[in-house]
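Peer 1: Okay, handing you the structure first.
What follows draws every value from the coordinates through simple rules; no lab data is involved. Bear in mind that the values here come from a model prediction, so they are computed numbers and not experimental data. Methodologically, a virtual Cβ is constructed for each residue, glycine included, from the backbone with ideal geometry; neighbour enumeration extends over all protein chains shown.
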Amino acid sequence: MTLFYFKLWALRLKFIQLSSGQSIYIMTEKISTVKIDREKEVLLEAKQIIHLLFSSYAFLILIRIVLSYFPSLHRYRVFRMVFFYTNPYLNLFQRLIPPIGGVLDLSPMAALLSLRLGEALALKIL
């Protein structure tokens with residue numbers, strides 16, 4: 001098992017290669033350290049990637065909401081890409097929640113809420 005040592009408040013770490021092939025960091029000062037094994041580090045990175053993916057998609061939905069107020073911008077390629085990637089997800093909610101008065105569409109809010117709940121569920125499973 002490979003262990004990684006992280007120093008909390010110090011700037012200097014000393015790298016040591018053991019005869020068994022393992023590498024460790026040793027503190028050169030007496031400051032508390034945190035030991036993290038490789039499995040926990042990979043799990044932490046996976047959680048960060050999941051958070052990044054969900055947050056990026058939520059950001060695309062927010063851009064889509066703002067773009068709905070500027071129909072003249074829909075002709076640009078970048079904004080068509082935003083619509084292309086967000087339409088399938090938002091269409092699920094637009095079928096369930098019709099616009100109020102034919103004008104006010106609340107489906108993006110429901111989509112963002114379910115996206116955040118999905119992220120929380122995915123992070124909880126890990």
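Peer 1: Show the residue pairs meeting these rules: Cβ distance below 7 Å; 6+ apart or different chains; first residue within the stretch 61-88 and closer than 18 Å to L106 by Cβ; second residue polar (S, T, N, Q).
Peer 2: Every condition considered, the pairs that remain are I61/T86; R64/T86.
Peer 1: Residues of the stretch 97-115 being over 13 Å from L62 (Cα atoms), not in a loop (DSSP other than H, G, I, E, B) and not hydroxyl-bearing (S, T, Y), which ones?
Peer 2: Across the stretch 97-115, the qualifying residues are I100, L104.
Peer 1: Another question about this same structure. For the stretch 49-100, how many residues are basic (K, R), surrounded by 14 or more Cβ atoms within 10 Å (Cβ to Cβ) and over 20 Å from R116 (Cα atoms)?
Peer 2: 0
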